[in-house]
Every structure is written in C-alpha cells, then in structure tokens.
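The values are calculated or read from the model by the stated rules, or taken from the named source; none is laboratory data. Given the structure is predicted, the values throughout are model-derived calculations rather than measurements. FYI the Cβ positions are ideal-geometry reconstructions off the backbone, even for glycines, and counts take in every protein chain you see. All accessible areas refer to the heavy atoms of the entire protein, side chains included, with ligands and DNA or RNA removed. Shrake-Rupley method; radii C 1.70, N 1.55, O 1.52, S 1.80 Å.
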Amino acid sequence: MPKLTFPKNFIWGVAASAYQIEGAWNEDGKGVSIWDTFCHTPGKIANGETGDVAIDHYHRYKEDVALMAELGIQAYRFSVSWSRVMPEGAGTVNQKGLDFYDRLVDELLDHKIEPFANLYHFDLPQALQDRGGWPERQTAYAFADYARVVTERLSDRVHTIITHNEPWVTAAAGYFDGSHAPGIKDPLATFKAMHHLLLSHGLAAEAIRAAAKKTVKVGIVLNLNPVHPASDSRKDREAAYRMDTVLNRAMLDPLLKGTTPMQEFAVGKMLTASLIKPGDLEKIRTLDLLGVNYYTRTVVKNDPKFPVVAAVQIHPEGNEYSGMWEIYPEGLYELLMRIWKEYLTGPNPPFPPSLEGKGGAGGIGPDLMITENGVPVPDGLDFDGRVRDERRIRYLKNHIAQVQRAISDGVPVKGYFHWSLMDNFEWALGYGQRFGLVYVDFETQKRTIKDSGKWFADVIRENGFEL
Ligand code: IFM
C-alpha cells in the first residue's frame, strides 16, 4: 500500500470554539453573547438545545488537554469568548475571564501542545449587538481593543493569534439568512457586516502587533468551497462565477489582493462608496497565516429568483453525503492549488511583509494551513464501549491525501487541524451532529476516544499513513 508522508515540521492539530464547548455561560463575570440570547429564544435551535453547559470544557479543560496529549496532538486552535473577557464588549475587562485562557494556555504548554488563539468564533457580546453589531463600523474598533487586551495577557506564550474564524459565516448566517445569531435577514446589513469584519481584522492585526510581547503571527481562518456549475451551459457557468465571487472572493480578494469584488453586485455597488473608507483596503491586507476550513464544494445553477447571486445550490444525485454536506475530497486539492496560484504567487503585488521583513510561505505571503476539516457522523458507543467510526476514518484518509497531493505539487501547506477534538454543540443543529475524534456522552460528559481518534494519533506518530 502506498504510504503518504508529510514534511518534517508539519503541524497536526485539532480545533474547537468557545461557545461550542465551554458552557459556564454566566459564570465568573461572563457577559451575555448573541449566542446566549439566540439559544434562549424559543424555536431557534433544534430541540431547544443551548450551549449553556455544552461539554463543560470550562471546568474540564485539564481532562481535555490530557486527552489531546494522549493522542499526540501538536497544536490546539481554541477560541476566546469576547464576552467572557469583556462582558459589555468594550470598557471593563473581566480578569476572571482572562484567567481561564491563561490557565488553558499553561496547561497546553505543560503538555507540549502549541496554542493557536482565535479571537472571534461567532459569539459577539450582546451589548455590541444592541448597538448595531457588525453592520456598525464602531464594532470593528471595539474588536481591535479586545484584541489588544487578549494579546497583552497571552502573547508571552501564544505565538499565533487568529482574528476571525469564518467571517463569511458570521456575516451570511448571522445577517443574511438568520440561521445563526443574531438571526437577522437583511442583505444590506450583510454587506456592511462583511466589510466591517474584514476591517476589524486589519485593525486588530495592528493592535496585536503593537501589544505583542514576542513576535506573534496574525492569522485569519476562512471557510472556502470550490464552486462548480451544475451544467456546462453559459448561464450555469456565470452563476458559478457569481457564487464564487460571493462565497470565496468576497474574503480572499480584500485579504490577499487588497481589492474588493463587491462592486460586481448592485447592492455592493450602491454601498461601496460610503462603506469602504479610504485606507480600509490597505489595512485589511495584512496576514501571516491563512487558515482554510474545508468541508465540501458548492454546485449551483442559474436562478434569477435568488437575491444577489441569482444562483441556487443543487445537490447532485449519486454522490456521497454526510448529514450536512456533499463529501468531495478533490475539492480540497482544487482549493489549495487555486489559493496558491491565484493569490499567493503570480501577478499580485508583493505581500506587505509584516514579520520583521519576513513573509510567510517562502517570503511570498502568509503561511497556509488547513484549520478545519471533518465530518459529522451519527456515532454511538458499541456494546463493548468502542466507537467504530469507519466513515470518519475514510473521510480523513481521503481528505488528508488531497493535502498531501497539493504539497507534492508545490503548495507549502504547513499544518492540518481536525474539526473537532470532541463532539460538541453544532450551532442551530444543536447536539445532533457529532464531529469529534472523541465521543462525548452529553448527559454524563464522559469522553471516549473513537477509532478515528486512535487512527489520527497513529498518523501524527508516523507523520503520515498508508492509503
Ligand atoms: O462547527 C462548525 C464550526 O464552528 C465552524 N466551521 C464548521 C464547523 C462544522 O459545521
């Protein structure tokens, strides 16, 4: 059997986010976030579930770090809850909230696990939403101040700070289709939120670099999907172009090219003049690490009745699906090749060096990593207490093989983070979708390493696997 191996310093990690695992929603001075409010609103979440307790990571973080160590995990991307650190989003700092992340970082380092701190993963302090949330420019400045506070406390030990996880989802699910907190459905607000999220990345990057005690890499994590037309017709190909512009280029172009494709849409054109202030795009284009979250591709056909993109997603028959998406491993290779060729090399203006004159990948641009990849599987404990999640193992083999293929073809991917370490709260879907390498009994909070966890541990030990 062919063995796939990875470069010597390749990083194998896992990822998680505050609201999905921590619980302790109102402990030790934490303020209310938009997800607390959303989950406490009847009808928003499957089965009325909430992250109030989640998987109680706030109290069990030592056990969870020990599990990571048992698997040989080398890096952990966690998110900081803004409302735990600044209960009102601005102004007063809650030292007890910061103390939690302090303890977590120390515990990780004691187990030789590199902490990657992510500042924002969907959970805006409610007080800031009450003042308009991400559609308001002021929220970007509040975020930069929060970034400063966290950096001052953690940057003596944390060397990578990620500003946002999936800002596209924050804007689209939060303000366009309303499936995420704060549950707003307003295309204008969505465009505004997208720009202010990106601006907040640039402002926070400045604040982080100014406050950092040691050199810190500043990153952002994007959800990206290759977009394919449902047919070869010109209309479907144009629909795919529009969808790709909204899904992928809306984030990639400003961050990596310093341009915006927003004018290609009537609503974006209308807004751009007042929304994007002189200097904004220059501020946004600053990055030491680009994280790619990959789960699926998007197949679309032309359909004028859909707002903004005039395209609708279809689910091709005969392909493999999980409980949430089509399973399409080749899309990961396609995406990595595209990012490398179209954004990180080629005719773009040189990336502004930010790490004391050194860019990331080969001095060309930011480091590139897979910061999330995984699959929901309806796992359960077998009679002998084992979780035989063969499907996840197959999914991981097929996807990690595509990362290796991209590396072999010259894309310097520096790491792979599995989503997620443990089963957890899957937003509007509640606890119904299990993504973990570790099974969690949500009643007793008992953790059990799944077969996929053992398989992943072998991959890390061998720095590769047999296909
Ligand atoms: O659970 C989410 C995570 O919060 C962001 N990326 C996708 C995951 C699976 O849906």
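Classify region 1-113 as rounded, prolate or oblate from the Cα gyration tensor: take a ≥ b ≥ c as the square roots of its eigenvalues, call it rounded if a/c is under 1.5, otherwise prolate when a/b beats b/c and oblate if not.
Cα axes put region 1-113 in the prolate bin.
Tell me what the chain gives for mean residue ellipticity at 222 nm when only DSSP H runs of n ≥ 4 count, each as -39,500 (n - 2.57), the sum divided by the residue total, rounded to 500 deg cm²/dmol.
That calculation yields -10500 deg cm²/dmol at 222 nm.
Once the other residues with Cβ under 15 Å from the Cβ of Leu281 are scored (Lys, Arg +1; Asp, Glu -1), what is the net sum?
Taking every other residue near Leu281 into account, the sum is +2.
Give me, ordered by chain and number, the residues 5 or more places off Asp367 or on other chains with an amide H under 5 Å from its own placed amide H.
Those qualifying (amide H under 5 Å, at least 5 residues apart or on another chain) are Leu289, Leu290, Gly360, Ala361.
In the neighborhood of Ser33, defined by Cβ-to-Cβ distances under 9 Å, what is the net charge if each Lys or Arg adds +1 and each Asp or Glu adds -1?
Result for the local shell: 0.
Percent relative contact order of region 9-61, based on C-alpha pairs within less than 8 angstrom and at least six residues apart?
Answer for region 9-61 is 48 percent.
Tell me, what HN-Hα J-couplings in whole Hz come from the Karplus equation 6.51 cos²θ - 1.76 cosθ + 1.60 at θ = phi - 60° for each residue of region 77-94, using x for Gly and Pro?
Whole-Hz 3J(HN,Hα) from phi for region 77-94: 9, 10, 10, 9, 7, 4, 6, 6, 8, 9, x, 9, x, 8, x, 4, 9, 8.
Can you tell me the dipole magnitude for the chain around its Cα centre, using point charges on the Cβ only (Lys, Arg +1; Asp, Glu -1), in Debye to the nearest 20?
The calculated dipole for the chain is roughly 1180 debye.
Please give the net charge around Gly97, taking every other residue with its beta carbon less than 9 angstrom from that of Gly97, where Lys and Arg add +1 and Asp and Glu add -1.
It works out to a net charge of +1.
Please give the solvent-accessible surface of Thr259 in Å², to the nearest 10, using a probe radius of 1.4 Å with every protein chain present.
60
Amide H to amide H, which residues 5 or more places from Thr160 or on other chains are under 5 Å from it, using H placed in the peptide plane?
Residues meeting the amide H criterion: Ala117, Lys217.
Using a 1.4 angstrom probe on heavy atoms only, work out the carbon and sulfur share of the accessible area of the chain in %.
Ligands and nucleic acids excluded, carbon and sulfur give 53 percent.
Would you work out if the chain is rounded, prolate or oblate? Take a ≥ b ≥ c from the square roots of the eigenvalues of the alpha-carbon gyration tensor; rounded if a/c is under 1.5, else prolate when a/b is larger than b/c, oblate otherwise.
In terms of gyration-tensor shape, rounded.
Which whole-number percent gives the relative contact order of the chain, counting Cα pairs below 8 Å spaced six or more residues apart?
Contact order relative to length: 18 percent.
From the phi angles alone, apply the Karplus equation (6.51, -1.76, 1.60; θ = phi - 60°) to region 262-279 and give each ³J(HN,Hα) in whole Hz, x where the residue is Gly or Pro.
4, 5, 6, 10, 3, 5, x, 4, 4, 8, 3, 4, 8, 7, 8, 7, x, x
So, with +1 on the Cβ of K and R and -1 on the Cβ of D and E, and no other charges, what is the size of the charge dipole of region 130-289 about its Cα centre, to the nearest 20 debye?
320
Go through Ala457, Ala401, Leu437 and say which Cα lies farthest out towards the positive end of the charge dipole of region 377-467; charges sit on Cβ, +1 for Lys and Arg, -1 for Asp and Glu.
In region 377-467, that residue is Ala401.
Percent relative contact order of region 175-283, based on C-alpha pairs within less than 8 angstrom and at least six residues apart?
Reported relative contact order: 21 percent.
Take the Cβ-Cβ distance between Arg386 and Leu429 as r, set R0 to 30 Å, and report the resulting FRET efficiency rounded to the nearest 0.05.
0.75
What list of ³J(HN,Hα) couplings, whole Hz, do you get for region 131-136 from phi and the Karplus terms 6.51, -1.76, 1.60, once you set θ to phi - 60° and write x for glycine and proline?
Those phi angles translate into 9, x, x, 5, x, 9 Hz.
Sort the following peptides by mean Cβ neighbour count (other Cβ atoms within 10 Å, averaged over residues), highest first: 166-176, 391-401.
166-176, 391-401
How much accessible surface does His40 have with a 1.4 Å probe, in Å² rounded to 10?
Taking all protein chains as shown, His40 has close to 80 Å².
By its C-alpha gyration tensor, with a ≥ b ≥ c as the square roots of the eigenvalues, how is region 239-353 shaped: rounded for a/c under 1.5, else prolate for a/b larger than b/c, else oblate?
oblate
For Lys235, put the label point 7 Å out on the Cα→Cβ axis and report which residues of region 289-310 keep their amide N under 11 Å from it.
301-305
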